[in-house]
Amino acid sequence: MRRKSRLAGRAVIIVDDGIATGSTITAAIRRARRNKPAHLVLAVPIAPPNMIQQLRPLCGEIVVLATPDPFYAAGQHYRDFRQIEDSEVIKMLRAADRSREARHTWRRWQPLTEPALAESSYGTRE
């Protein structure tokens with residue numbers, strides 16, 4: 001018997017540091033869609049305009065900060081574009097959560113025990 005997906009029926013936000021060719025993010029979106037999320041959001045700081053248009057039909061919503069034209073590489077829009085490990089991201093998310101708790105006495109959402117992280121372009125520098 002196949003285990004039920006943790007994404008099924010949930011709002012899913014896929015975050016990438018920037019889209020270049022779009023191949024890895026397209027694969028990540030298609031994989032997430034197979035798990036039948038209630039809502040699928042793609043959030044990226046930078047992407048070429050043509051890629052946003054190609055990805056729009058695959059997502060319920062796209063949040064993108066900039067779509068420069070011409071677009072050469074995502075990395076050229078960062079001061080520091082080094083790879084970081086999932087453990088470092090988890091550490092930052094937990095620190096942000098503690099900071100949020102310090103500012104608020106109530107919580108509007110309950111996070112997963114362990115964030116479900118997956119690097120779609122690990123090592124490819126996309």
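Quick check on my filter: what residues within the range 56-73 are surrounded by fewer than 14 Cβ atoms within 10 Å (Cβ to Cβ), assigned to a loop (DSSP other than H, G, I, E, B) and in contact with a helix residue (DSSP H, G or I) (Cβ under 9 Å, 6 or more places away or on another chain)?
Residues satisfying the conditions are PRO68, ASP69.
Restrict the check to the range 92-102 and report whether at least one residue is under 12 Å from ALA47 (Cβ atoms) and modelled with pLDDT under 90.
So far as the range 92-102 goes, no, none of its residues is under 12 Å from ALA47 (Cβ atoms) and modelled with pLDDT under 90.
From the list LEU40, LEU7, pick out the single residue that is surrounded by 13 or more Cβ atoms within 10 Å (Cβ to Cβ), at pLDDT below 90 and not polar (S, T, N, Q).
LEU7
Identify the residue in the range 10-37 that is touching a helix residue (DSSP H, G or I) at 6+ places or on another chain (Cβ under 7 Å) and part of a loop (DSSP other than H, G, I, E, B) and, among all such residues, is surrounded by the most Cβ atoms within 10 Å (Cβ to Cβ).
ILE19
So, of the residues in the range 55-74 that are closer than 24 Å to ARG31 by Cβ and of a type in the set (Gly, Ala, Ser), which turns out to be modelled with the highest pLDDT?
Applying the filter and picking the extreme gives GLY60.
Among the residues of the range 38-50, what is the count of those that are over 30 Å from ALA73 (Cβ atoms) and in contact with a helix residue (DSSP H, G or I) (Cβ under 8 Å, 6 or more places away or on another chain)?
Summing the residues that are over 30 Å from ALA73 (Cβ atoms) and in contact with a helix residue (DSSP H, G or I) (Cβ under 8 Å, 6 or more places away or on another chain) in the range 38-50 gives 0.
Report, by residue number, each residue of the range 38-55 that is part of a loop (DSSP other than H, G, I, E, B), within 27 Å of GLN83 (Cα to Cα) and aliphatic (A, V, I, L, M). Lay out the reasoning, then the answer.
Filtering the range 38-55 for residues part of a loop (DSSP other than H, G, I, E, B) gives 38, 47-48.
Cutting the leftovers down to within 27 Å of GLN83 (Cα to Cα) gives us 47-48.
Passing the criteria: only ALA47.
Just to verify a result, which residue in the range 75-91, among those that are assigned to a helix (DSSP H, G or I) and among the hydrophobic types (A, V, I, L, M, F, W, C), is nearest to ASP16 (Cα to Cα)? Lay out the reasoning, then the answer.
The initial filter retains those residues of the range 75-91 that are assigned to a helix (DSSP H, G or I), namely 75-77, 86-91.
Add one more test, that the residue is among the hydrophobic types (A, V, I, L, M, F, W, C), and what stays is 89-90.
On the way: VAL89: 13, ILE90: 15 Å.
The extreme case among them is VAL89.
Output the qualifying pairs, or none if there are none: Cβ atoms under 9 angstrom, residues six or more apart or on different chains, first residue in the range 37-60 and under 20 Å from ARG10 (Cβ atoms) and outside the structural domain of GLY18 (by TED's automatic domain parsing), second residue of a type in the set (Gly, Ala, Ser) and assigned to a loop (DSSP other than H, G, I, E, B).
Within 9 Å, no pair qualifies.
Taking the stated definitions as given, is ILE46 within 16 Å of the chain's Cα centre (by Cα), of a type outside the set (S, T, N, Q) and at pLDDT below 90? Working first, answer last.
Numbers: within 16 Å of the chain's Cα centre (by Cα): yes; of a type outside the set (S, T, N, Q): yes; at pLDDT below 90: no.
Here the answer is no, as ILE46 does not meet what is asked.
The values are calculated or read from the model by the stated rules, or taken from the named source; none is laboratory data. Values in this document were obtained by computation on a predicted structure and should not be read as measured data. With ideal geometry, Cβ positions are generated from the backbone for all residues, glycine too; neighbour counts draw on all protein chains shown.
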